[in-house]
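S.K.: Shown below is the structure under consideration.
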Amino acid sequence: MPVSPDQPPDQPLLAVEDLVVRYDTPHGVVHAVDGVSLTVGPGETFGLVGESGCGKSTLGRAILRLIEPASGRIHLDGEELSGKSRAALRPIRRKIQMVFQDPFGSLDPRWTVGQLLAEPLHVHGVGRRSERRERVADLLARVGLPTDAAQRHPHEFSGGQRQRIGIARALALSPKLVVCDEPVSALDVSVQAQILNLLADLQRDLGVAFLFISHDLSVVEHIADRVGVMYLGRIVETAPRAALWRRPLHPYTRALFDAVPDLDRPAAERRKPVALKGDMPSAFAPPGGCRFHTRCPLAVARCREESPPLRAIGDADHQVACHLVDAAPSN
């Protein structure tokens, strides 16, 4: 069952410590993820939000070891993934799976849906052929697709249906954690709601945990128990969902909220928007000190010189990486 959204997990299913991912390119080194730490509890949904290019998807892929981290540690269900060979990772991969952003590009168009869903079972030697067919039928039923979908190919389905197939494939091995990388961003709004409700139902029924990556705050609000806000390769704020929506503390988090129209309150009661300056700096040459200082309206000299650590503010569950967080307006 999901943990309470008001408290972080005591014994995390996933623990990421100081994870660093860099890309060597002809134009220099891309600092995609720089010292990220987070936890996800059993049956919990941790929402990871931030602008495009901040490193969210890279972090998700690195956790699955689809991308090799430069340093840091990853523990899943008490077992360390860091440094393990591909062969040693194979049995662990049954515990962690991924739903990709593009529901069509992640499915082999030459295979039938039945073949796609049975492949993980075949690779990991799960069940006899008849048992795999039964498992495929069960998976299709769980994601709201008819049994005869197994004989069809991905191009015969809508975008929302293809994402249901992607979710079914991720669940084939009964994982404990699923990394969802922008799983609804390519879908229409009405279809997004259906997929989000499906994920919530699956979590309730199966007890699976989600690391849910998105750039859309309204989507994260709908599904997450706790939320981490990422900027230019680092997490700048983490909090239970309700606490973050009630009082975002980091200037960048406030700017994300201010970018969403607030139509529920009269104009006189709305928080004064935080005005950002310029664009997000290049990951080839991230600024020193606080990486947000080049756009922050509150920045002072210390922000340019010293990188702020994540620290608890008021509630131990609410952590912020900002030297001036005490100066941030509370409403």
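S.K.: Which of PRO248, GLY28, LEU117 sits farthest toward the positive end of the charge dipole of the chain, with +1 on the Cβ of Lys and Arg and -1 on the Cβ of Asp and Glu?
M.R.: Result: LEU117, furthest along the dipole toward the positive end.
S.K.: Then there is this: Given a 10 angstrom Cα cut-off, can you work out which residue in GLN161, GLN97, GLN11 is the most mobile in a GNM of the chain?
M.R.: Fluctuation is largest for GLN11.
S.K.: Expressed as a rounded percentage, what relative contact order does the chain have, with Cα pairs under 8 Å and six or more residues apart? Spell out each step's value before the answer.
M.R.: Values: 623 pairs, mean separation 69.9, N = 331.
Relative contact order for the chain comes out at 21 percent.
S.K.: Can you tell me the 0 to 90 degree angle between the C-alpha axis of helix 113-123 and the longest principal axis of the chain, rounded to 10?
M.R.: Here the helix axis deviates by roughly 90 degrees.
S.K.: Using just the helices of the chain, give the 222 nm mean residue ellipticity in deg cm²/dmol: DSSP H runs with n ≥ 4 each add -39,500 (n - 2.57), and the total is spread over all residues, rounded to 500. Provide the component values of the computation, followed by the final result.
M.R.: Details: 10 runs with 94 residues, N = 331.
The helix contribution divided over the chain gives -8000 deg cm²/dmol.
S.K.: Can I ask one more? Just want the answer: with Cβ charges of +1 for Lys and Arg and -1 for Asp and Glu, which residue in SER130, LEU76, GLY288 is farthest toward the dipole's positive end in the chain?
M.R.: Checking the options against the dipole of the chain, the answer is SER130.
S.K.: For the pair ARG204/VAL123, report the inter-label distance in nm, with labels modelled 7 Å from Cα in the Cβ direction.
M.R.: In this crude spin-label approximation the distance works out to 3.1 nm.
S.K.: How big is the gap, in Å, between the Cα center of the range 185-240 and the Cα center of the range 33-60?
M.R.: Taking the Cα centre of each part, the range 185-240 and the range 33-60 sit 11 Å apart.
Bear in mind these aren't lab numbers, they're just calculated from the coordinates by the rules spelled out. Just so we're clear, the structure is a prediction, and the values are computed from it rather than from any experiment. A quick note on method: Cβ atoms are made from the backbone with ideal geometry, for glycine too, and the neighbour counts reach across all protein chains shown.
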